[in-house]
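Worksheet: one structure, shown below.
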2 protein chains.
Amino acid sequence: MPRPSVSIDRVFHALGDPTRRAIVERLSRGEVSVSKLHAPLNITLAAVVQHLQVLERSGLIHTTKVGRVRTCRIEPKGLTVVERWINDRRALWEKRLDRLGDLLLEDDDQV
Amino acid sequence: MPRPSVSIDRVFHALGDPTRRAIVERLSRGEVSVSKLHAPLNITLAAVVQHLQVLERSGLIHTTKVGRVRTCRIEPKGLTVVERWINDRRALWEKRLDRLGDLLLEDDDQV
């Protein structure tokens, strides 16, 4: 069994929440200030800030503060970790299906 | 903001746990009985069964019982949901980077 990775736990946990996914979706379209991000969400600003902290700790977003304005942007690292994990599983799984297909073809040859 | 989907919440939540990911990794290499799945994991059989229930409810695995043996196999639906979500985000994000690249090229032309 593979050694569990802390960061991938965090990324999957972060993306398990619909508000946090909505934030990532918004940031995929471009960087935005915390107050603009907050406007369409039906939650308090404090809740938005908490979600942003979870997303930033998991490597999914990056925030910077200039003066009184904090700006958020997507950080590719987090999504890449999930993408790689899924691709690796699919590769194993498809390899197995290929082998099954080969076995079925061999069976056909023997009929 | 997009309408949150229940099933994608479940899939991300299910994959946020290292033991559940280890089970999905094992099943990517082929179907296996619950007792064989249990052997290399340092947890009780009851805990394995609970993890399997979470994975099955989220559409990541499928189990069938024949006699006294329950066999587990990967179910592509769950992984496809995550894959599609990641790909959609990446597509938006890369489109934006392309537009930024175009703007930079236009600026170069004007120099």
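Data overview
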read-out: Matching entry among B:R20, B:R89, B:R10 (being free of Cβ contacts under 8 Å to residues at least 12 places away in the same chain, in a helix (DSSP H, G or I) and either more than 10 Å from every other protein chain (Cβ to nearest Cβ) or buried (at least 18 other Cβ atoms within 10 Å of the Cβ) (or both)); value: B:R89
read-out: Members of the stretch A:47-71 that are hydrophobic (A, V, I, L, M, F, W, C) and either under 22 Å from A:E83 (Cα atoms) or modelled with pLDDT under 95 (or both); value: A:L52, A:V54, A:L55, A:L60, A:I61, A:V66, A:V69
read-out: Qualifying position, being within 24 Å of B:R20 (Cα to Cα) and of a type in the set (G, A, S), among A:S35, A:S7; value: A:S7
read-out: Hits in the stretch B:28-44 (condition: within 17 Å of A:I86 (Cα to Cα) and either aromatic (F, W, Y) or surrounded by 14 or more Cβ atoms within 10 Å (Cβ to Cβ) (or both)); value: B:S28
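Every residue, every condition in (1) touching a Pro at 6+ places or on another chain (Cβ under 7 Å); (2) free of Cβ contacts under 8 Å to residues at least 40 places away in the same chain; (3) buried (at least 18 other Cβ atoms within 10 Å of the Cβ), yes or no:
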{"site": "A:R26", "(1), (2), (3)": "no, yes, yes"}
{"site": "A:A46", "(1), (2), (3)": "no, yes, no"}
{"site": "A:Q50", "(1), (2), (3)": "no, yes, no"}
{"site": "A:R73", "(1), (2), (3)": "no, no, no"}
{"site": "A:G78", "(1), (2), (3)": "no, no, yes"}
{"site": "A:E94", "(1), (2), (3)": "no, yes, no"}
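The values are calculated or read from the model by the stated rules, or taken from the named source; none is laboratory data. In this text, all values refer to a predicted model and were calculated from it rather than measured experimentally. With ideal geometry, Cβ positions are generated from the backbone for all residues, glycine too; neighbour counts draw on all protein chains shown.
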